[in-house]
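Have a look at the structure below, then the notes.
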Amino acid sequence: MNLLFLPLQSAATGVYLVGAVIFILVVFFFSMIRRYKRCPSDRILVVYGKTGGGQSAKCVHGGAAFIWPIIQDYEFLDLTPMSIEVNLTNALSKQNIRVNVPSRFTIGISTEPSVMQNAAERLLGLSLDAVQDLAQEIIFGQLRLVVASMDIEEINSDRDQFLSHITHSVEAELKKVGLKLINVNITDIHDESGYIEALGKEAAAKAINEAKVSVAQKVRDGSIGEANALQDQRIQVAAADANAVHGENTAKVQVANSNADRRSREAEAERIANAAEKVQAAKALEEAYAAEKIAEEARAKRKEAEQGADIIVPAKIDKQKIEIDAEAEAEQIRRIAKGQADAIFMKKEAEAKGLYEILTKQAQGLDQIVKAAGNNSKDAVLLLVADKLPELVKTQAEAIKNIKIDKVTVWENGGGKDGKSSTSNFISGMYKAVPPLQEMFDMAGMQLPEYLKGKDIEETKSTEENTPKPTTDKEE
């Protein structure tokens with residue numbers, strides 16, 4: 001029995017837990033629904049607290065908003081219009097005349113976004129009486145400024161301009177606290193000095209005098225009009241009799257003219273009818289010729305179209321084919337040229353790389369030669385020239401190598417300068433035409449052996465014997 005009771009007890013506990021969770025969720029759901037507030041059209045919903053967007057409050061008109069619990073709260077601003085009686089007394093005008101301006105202003109909280117934000121910041125929580133007192137103070141101040149900026153004549157005569165100035169000044173100040181001016185009604189304007197009343201009397205007297213002058217002018221105009229009417233009557237009666245006689249004579253003349261005109265018109269009509277028949281016949285022929293011309297032109301255009309279809313269309317097809325073939329050939333030539341250019345570029349690039357390697361190796365070799373000469377550039381140059389000396393001698397020999405002398409005939413008398421014959425002088429001069437090695441060696445900074453300078457061997461030996469030899473430490 002205990003074993004059966006334990007599963008039943010655990011199942012009942014689970015049901016209770018599920019029911020409790022569902023109950024909590026339902027309560028939470030309905031509480032959230034109650035936090036969703038709808039704003040009627042005659043109010044403004046102001047949500048304050050943590051609203052985001054850098055604003056102190058969020059205003060909603062004619063919509064709805066969700067009010068987060070704890071971090072947000074809400075209030076309503078009433079949009080009902082308020083009527084404020086403003087009895088301005090002893091206000092100084094521009095002429096320093098004190099006037100009384102009893103008036104009534106109708107105001108209300110504005111629904112413009114920026115002005116509505118001002119109302120939420122400055123009017124939230126105030127009663128209607130407090131709002132009316134604030135608006136009344138603003139209206140009093142602005143109404144005094146408007147009266148001080150205008151003359152009495154302007155205030156009294158041009159009420160529309162006066163109301164316009166009041167509306168412009170008061171509305172601008174009311175917007176700063178979130179209010180809107182709906183209507184302005186000025187009941188009466190008067191002053192204690194009687195200036196306005198005097199202006200009214202002056203205007204009334206002026207109107208009465210103008211009315212009297214107008215009545216006298218009308219009476220005078222009536223008498224003159226009556227005399228003129230009698231004169232016109234007599235003139236018109238006489239003119240009517242004269243016109244009657246003239247009319248009878250004119251009528252007779254007109255009858256005669258009418259008969260003549262009738263006969264002339266009948267003749268003209270006959271002539272016009274005959275001419276019209278001939279013109280119509282000519283027009284009929286002209287239209288027939290024009291129709292034939294149009295038919296011939298249509299036939300010519302049809303033949304021209306047939307010839308165009310037989311000749312021009314094939315020619316256009318051939319032209320398009322030639323253009324396509326030419327474009328294909330040009331594309332092939334461009335591709336071949338591009339391939340050749342790529343090949344030339346690759347070849348030149350390979351040659352440049354090879355030349356770069358050769359120059360690099362030569363530079364490395366020259367660096368080794370300089371190092372072998374003890375880092376002395378002059379000695380390194382001498383080594384290079386000594387290495388190229390066989391080629392220089394070979395080049396000098398090549399200069400006279402290809403000179404072919406088949407036969408030499410010498411006619412001389414055996415005499416010459418310095419004990420030399422003419423033949424020997426000729427051969428020596430020819431040899432001197434060859435570039436001398438002495439200049440090459442001098443440019444390279446080397447000394448040419450004496451026997452290669454053109455001196456005799458014996459002279460060379462005697463020169464060497466007479467030249468003192470350098471002594472060494474051992475000889476000393």
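The values are calculated or read from the model by the stated rules, or taken from the named source; none is laboratory data. Nothing here was measured: the structure is a model prediction, and the numbers come from that model. Cβ: placed from backbone, ideal geometry, glycine included. Neighbour counts: every protein chain shown. Please note that ligands, DNA and RNA were not included when accessible areas were found on the heavy atoms of the full protein model with its side chains. Shrake-Rupley method; radii C 1.70, N 1.55, O 1.52, S 1.80 Å.
Less than 5 angstrom separates the built amide H of Ser110 from those of Leu179, Lys180, all sequence-distant by 5 or more or on a different chain.
Between Ile322 and Ala20, the contour length at 0.36 nm per residue exceeds the Cα-Cα span by 99.5 nm. Remark on Ile67: its backbone amide H falls under 5 Å from those of Tyr36, Lys37, a criterion applied only to residues 5 or more positions apart or on other chains, H modelled at 1.01 Å from N.
First compute the accessible area of region 252-347 with a 1.4 Å probe, then give the percent of it belonging to carbon and sulfur atoms. Its accessible area is 59 percent carbon and sulfur atoms. The accessible area of Cys39, taken with all protein chains in place and a 1.4 Å probe, comes to roughly 10 Å². Rounded to the nearest Hz, the phi-derived 3J(HN,Hα) couplings of region 176-185 under the Karplus curve 6.51 cos²θ - 1.76 cosθ + 1.60 (θ = phi - 60°) are 5, 9, x, 9, 10, 7, 9, 7, 10, 9, where x marks glycine and proline.
Measuring from centroid to centroid over Cα atoms, what is the spacing of region 317-336 and region 253-314 in Å? Centre-to-centre (Cα) distance: 59 Å. Across region 319-333, computed HN-Hα scalar couplings (Karplus, 6.51 cos²θ - 1.76 cosθ + 1.60, θ = phi - 60°) run 4, 5, 5, 4, 5, 5, 4, 5, 5, 5, 5, 4, 5, 5, 4 Hz from first to last residue, x flagging Gly and Pro. The simple spin-label model puts a point 7 Å past each Cα toward its Cβ; for Glu287 and Lys218 those points are separated by 7.3 nm. With θ taken as phi - 60° and the Karplus curve 6.51 cos²θ - 1.76 cosθ + 1.60 applied, the whole-hertz 3J(HN,Hα) list for region 355-371 is 4, 4, 5, 4, 5, 5, 5, 4, 4, 5, x, 4, 4, 5, 5, 4, 4 Hz, x standing for glycine and proline.
Each residue was assigned an accessible area with a 1.4 Å probe, and for Lys301 the value is about 140 Å². Averaging the Cα positions of each part gives two centres, and for region 110-176 and region 70-107 these lie 6 Å apart. Near the amide H of Ser103, within less than 5 Å, lie the amide hydrogens of Val86, Asn87, Leu88, Thr187, all on another chain or at least 5 residues away, with H placed in the peptide plane.
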